[in-house]
Each structure stands twice: as structure tokens, then as C-alpha cells.
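Each reported figure results from applying straightforward, stated rules to the coordinates on display, with no laboratory input. It should be emphasised that the depicted structure is a prediction, and the values quoted were computed from it without experimental measurement. Ideal geometry is used to build each Cβ from the backbone, glycine not excepted, and the neighbour counts take in all protein chains shown.
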Amino acid sequence: MPLLSLSDYLDKHSSDWLNTAKTLLDGAASTTVRLGVTGLSRSGKTVFITALVHALLEGTGSRSLPVLSTLPGLRAYLEPQPDDDIPRFAYEDHLNTLSGPDRTWPQSTRHISQLRVTLEWDTEAGAVGLLGLKRRLHIDIVDYPGEWLLDLSLLQQDFATWSEATLHSLRNRHDSKAKPFLDFLDELAGKDQHSASTTVSSSSSSQDAEQLAIAGAKQFTKALHAVRDDANTQAILGPGRFLWPGDLADTPQITFFPWSTTQPTSKQDMDDPEKSSSDLYELLKRRYEAYKANVVKPFFEDHFQRIDRQIVLIDALTPLNRGAMAVRDLEDALHTVLQAFRPGRNAWLSFLTGRRIDRIVFAATKADHIHSQQHRTLESILDRIIARANRSADDAGAETRCLALASIRATQDINTETDGVVYHCIKGIPVSGESIAGQTYDGTRDAIIFPGDLPKDVLDVFDPEDTHIGDFDFVRFRPPLHLQNDNETNQAQSWPQIGLGKAVAFLFGDVLK
Ligand code: GDP
């Protein structure tokens, strides 16, 4: 008589209690890890998730994720996401855009989205193995704009404090990016009564207050965008939904602006300081508080609080290219972001940000814009920026790792020699319209580019006097060809990448056993 495995035996003689035990064990063999993917606008979130999911799905035998190669009988598939209230990450669309005939980069992150990838493999360990059940890891990837994390600080500020701090930042900028908004405020304050009369009614009825709130919010939003898009700095001022409104665009939720009580709303109001901060001030204050209660808090409670592991994508090369001021702006933005991950002794913040994220990867993205000889230096610089940004000595104990990352590597290393000097260059196809050293590319031809060297001493990147930084040559490259199955080795292949395998090993290594 042929021997039956225990699993077959159970299937054949399935008494109720054994089935129940099997179901329970099946559940116990499954782990869910919620991975937060964040970073400021254009830091590379969409490209990262698409490349990560593709590498996981093609992971059986793929070279890009060595950590998966030890898992016997590995199978990976997409499953319906657990949260019905979050839009699905448009994986298939992004994949088509990247690997279609035009090979272009996909549409960037605009709002929160989610995707579930499940990995399943054989195990011999414990009762799960004995019963022939599979180990299962559900990875719930949650993509959200890093700008939204900046709103955490609003929860500790009332309207007056936030207004003062925001107006101070806007007024202290060296450029004129925020000038139209500041002029609007001055006009509102009645400093220029003549021009003010064209837009500001002397009546302070609630209808006027609403019109002023709309006009001011528009100017304020423009100012925040102008500051963010400034070519010389990397400053990010919130609230985050003014930069990435998601589904809040044009709603009253984001129809407010910072307003100081010392600024009366009209000539009539100036004669009556009590009244000056009446209708408009009350409306703005109410909207600000509603934004905190209805937008910021739910995001942290419903989404952020449930994240287990996090990857923060940082386009560090752009601020390095812009100079020390931009590096400091990045450091400031990261300081605010880190507060969300490391609530430390602040019990109130801990309550809101929930259980602690236990592993965080900080990744310097688009590392394929420099030669691989420079990747160690890039990681050291990022490490230093993170250490400085993490000003509080109060570390909540998450394990962290800094990496140089190119989710999709669009270039190759090339060494060239001129007069006996070796230059570490990169080769790729610049996106049509990109130009460098006076030459404009048409999107079909290869180019070999010497992007410049990162400073050897990482401290130089913070030194405004240092002239070594800020002189790289970066262009955008087209995504590379998507490699198909390697027939000789029968190995599934994905895009070339840098650091993706290390990131996955660090984020999931402990649960891939
Ligand atoms: P998001 O706003 O954070 O979602 O940013 P995206 O993922 O849309 O990336 C913004 C842009 O950065 C893309 O359109 C690409 O031009 C570039 N990019 C992102 N990741 C990579 C990468 O791995 N390599 C290269 N060369 N460029 C990248």
C-alpha cells in the first residue's frame, strides 16, 4: 500500500477538527507587511513601485532580488488589496508606459494608492511544513506623497502660530517667488488702499470673506508651488494638500491661507481693530482647524499608523547639484518627515502615528545618473544628511539603512581616458529635448556623459562657501529596454537596477524564511 503524506492523509480523512486546525495553521503561515513608499514629488515613487512589483512577480529565478532565490517553490501574484477606500496603484498602466514602444516614464504619484503582492513558497519548518502548507507573505504597498507628512507639524500649531511661521518663511526668502501672495496680503492689510479697493470690499460680510479666502488661497497655492519649483533651493512649505491636493482640489478644505491678526482686512476694519480680524480671520481659522481634523488626522490615523516598514525616496542629486542652500532645505524637509517616523517621547504624537515602523530605508534615487564608483559616496552623503536631519537625540529605535538606488537603471558605466586621466562616465539615451554642453538630444541617440564627481569629503556639501558641489551635469535618460526571459539560463529578467535587491533584503529579509 503506497504511503500517504500527512497532508494527503488529512485531505482524505478530513474530520472537522483537523480541517479547523489546518485552516488555523494556514492563517498562521501567512504574514502581512504594510510597506509605506514615500518621498517628495518626483523623487521616484511610481518608478520604484512599478520596478519592485515587476521584480517580485518575476522574482522566481530573477537576478535582481537574490533574497528570493533561496525560497523553494516560490510563486508571486497580485491580489485584491485589503482596503477598498484607497485607489489601486495603476501597476499595469505604468508597466505599459515603461515597456511600450515609446519607453517613457510613467505619470508620477498624485495621491495615495495601494497594491497587494503575495509571495508563496514551500517550507519544511514546523507544523506548517508537516501539513504541506505554504508560507505566505502579503506585501501591501502604500504609495503616498511625502508632502503629506509635512502636515504632521500642523497638528501641534494653532492657526495664529502656523500663520506667523509660514509668513515668516515666505517673507524671509531671498527671491520673489512669494511676492504676489505677500502683495495680496499687503493689499488686504490696507497698506495700499487705492489698489486694494479694486479687490477688497470694505464690507466684511461673510460673502466677502469667502471671496477673499478663495482669492487668497489661490495666491498662496501659487506661492507654495513657486517656492517648491525654485531651481536654486529645495524648500518645501505646506500644507501638503496645497501641493498635492489628491481629491481635495478646489474644495473648501484647502481654501484658506496664513493670515496674521495684526493685519486688518480693510480701511473700515483698521479703525476698529476688534472687527479687523472678524469674518475673514474666523473663516480662515475655522478652515485651518477643519483641515487638521478632517484631512491631516485621518491620514495619520487611517493610513500612516498601520505602516510596518517604510522606504523614503530622496532625490539627493538634485539638491547636491543646486548647492549647499538646497541641501539644507532638504535637511529641513527630512527633519519634519523624520518626526513622523520617530515620535519618541512625545506621547501624543506616538498615539497618532501609531505603532512604530521598525525598518526604514532611505534611498538616494536616480543613482544611475552617476558612475557606480560614486555610489558609496552618495550613500555616505545621504547618511550624513539623515543624521543631521534627525536632530532629536531621541531615537525610537527603527533599524535604518541608506542606499543608492536606481529602480530602473537607464545608463551604463563607461570609463574614458583623456591625456592619461580616466573619467568615470555614464552612457544612455537622453530624453528628447534634453541638452548638455550646447548639444540637444533627439531621444534616439546614445550619449556618453561625464556627470562630475561628488565631493570626497561629505561635509563639503553643507558648506555654502564650497565650490566643489553644484556643478554636475544631469540629463533625463529614457528608460532602458525591458529584458525578457534569458533563454540560455532560463532566468527571468527584469530591468537593470541598482540597490533594489539590497532594499528588498533589508525590508523583508526577516520575514522571507
Ligand atoms: P514620484 O513623483 O515620486 O512618483 O516620481 P516618479 O517615480 O514619477 O519619478 C519622477 C521622474 O524621475 C521620472 O519621470 C524619471 O524621469 C525619473 N526617475 C525615477 N526613477 C528613476 C530611475 O530609477 N532612474 C532614472 N534614470 N530616472 C528615474
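Going by average Cβ density within 10 Å per residue, which order do the peptides 357-366, 106-115 take, highest to lowest? Write out the running numbers ahead of the final one.
Details: 357-366: 23.6, 106-115: 18.9.
In decreasing order of mean packing, 357-366, 106-115 become 357-366, 106-115.
The packing ranking, built from the mean of other Cβ atoms within 10 Å per residue, places the peptides 436-448, 44-56 in the order 44-56, 436-448, highest first. Placing pseudo-labels 7 Å out from each Cα toward the beta carbon at N172 and Q211 gives an inter-label distance of 3.6 nm.
Taking 0.36 nm per residue of sequence separation and subtracting the Cα-Cα distance, how much length would be gained by fully extending the chain between D85 and S432, in nm to one decimal? Please report the intermediate quantities before stating the final value.
Details: separation 347, 0.36 × 347 = 124.92 nm, distance 3.85 nm.
Gain on stretching D85 to S432: 121.1 nm.
The order of the peptides 135-147, 29-41, 407-419, 75-87 by mean Cβ neighbours within 10 Å, most packed first, is 135-147, 29-41, 407-419, 75-87. Quick one: length gained pulling K222 to L155 fully straight, 0.36 nm per residue minus the C-alpha distance? Length gained between K222 and L155: 21.8 nm.
Modelled spin-label separation between D358 and S69, with each label point placed 7 Å from Cα along the Cα-to-Cβ direction: 2.7 nm.
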